1. Need one number: nm distance between label points at S77 and I97, each 7 Å from Cα along Cα→Cβ, rounded to one decimal.
2. For the pair L200 and M164, how long in nm is the line joining their label points, each one 7 Å along Cα→Cβ?
3. Using only Cα atoms, locate the centre of segment 151-168 and the centre of segment 69-101, then give the distance between them in Å, rounded to an integer.
4. How big is segment 1-70 by Rg and Dmax over its Cα atoms, in Å?
5. If the chain were replaced by its equivalent ellipsoid, with semi-axes equal to the square roots of 5 times the Cα gyration tensor eigenvalues, what would those be, largest first, whole Å?
6. Given bins 10 angstrom wide, list per bin the percent of all Cα-Cα distances in segment 26-137, short to long.
7. Tell me the mean residue ellipticity at 222 nm calculated for the chain from its helices only (DSSP H runs of n ≥ 4, each -39500 (n - 2.57), averaged over every residue, nearest 500).
8. At a threshold of 8 angstrom on Cα-Cα distance, excluding pairs fewer than six apart, so keeping six or more, what relative contact order does segment 26-137 reach in percent?
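What follows is calculated from the coordinates using simple rules that are stated; it is not laboratory data. Remember, it's a predicted structure, so these values are computed and weren't measured experimentally. When we count neighbours, we look across all protein chains shown, and the Cβ atoms used for this are built from the backbone with ideal geometry, even at glycine.
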Amino acid sequence: MSNFLQRTITGAIFVVLVIGSILWNHYAFSFVFLIFTILGVTEFYGVISKTGSKPLGFSGIIISALLFCITSYIAISNSNYHFILILLPLLFIEFIIELFRKHKTPFTNIAFTFLGIFYVALPLSLLNFLTNPAFEHDKYIKGILIGFFLLIWSNDTFAYLTGMKFGKHKLFERISPKKTWEGSIGGFVFSLLTAYILSLFVIELSLLQWLGMAIIIVIFGSLGDLTESLLKRSLDLKDSGSILPGHGGILDRFDAVLLAAPFAFVYLLLVM
């Protein structure tokens, strides 16, 4: 099977899984993205272990899963916000566990454990709130979350296509030699067009608000892509994993989401 066909099939399944789970209900979305969160954090710890560090993988994965489950519960029930504080003592247990591991770099291990939670689990957990950014009771606005992903994919796809066709000036050659300014501009323009189309169907946000959302996603999604490229480049890796044939790993697929989600969440808090 050619790499292009492999990428196409995997990409199609991934899109159906993401959009289908959002359209079904919040429980379906939460289940699918809980799996993505666990896989993503596991993949991150696997990548970091190549540096010789030994993150506390099991406890980091447990905390990440709990973080996602608690934020999902809060978003669905719109209550018990203090429930998330249960995670605080669990975070400090990492220090106690490291006392008994007798590793040469204990605080490096702890730091990378926290980084996996902060870099992967927290952004994916915040996606739960994009369906109800105003924190209204019994509200599930699936169109906003779908719009978030459509803007991410629009920017990624058209930045790639425009860059392939017209790209000449390197955007950030030290980290990602193939990315160009022309590609970034193409992704930006088509994302604005996508935002306009979304404003016609998802009326919870005005055209101006959708355009603002597109700008935030283009900027921070692109920076998220570069951040993950920096991680792989620092470890001399082509892909973060191989779980998605033709696309690499979970981190490769969600790189833009990981940086865009927190900024989109705060933006929606401010405008809604």
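1. My value for the distance between the label points is 2.5 nm.
2. Placing both labels 7 Å along Cα→Cβ, they lie 2.6 nm apart.
3. One Cα centre to the other: 39 Å.
4. 15.3, 42
5. Numbers: eigenvalues 177, 134, 51 Å².
In descending order, the three semi-axes are 30, 26, 16 Å.
6. The calculated distribution, bin by bin, is 15, 43, 28, 12, 2.
7. Working: 10 runs with 191 residues, N = 272.
So the helix-based figure for the chain works out to -24000 deg cm²/dmol.
8. Values: 106 pairs, mean separation 45.8, N = 112.
This gives 41 percent for segment 26-137.
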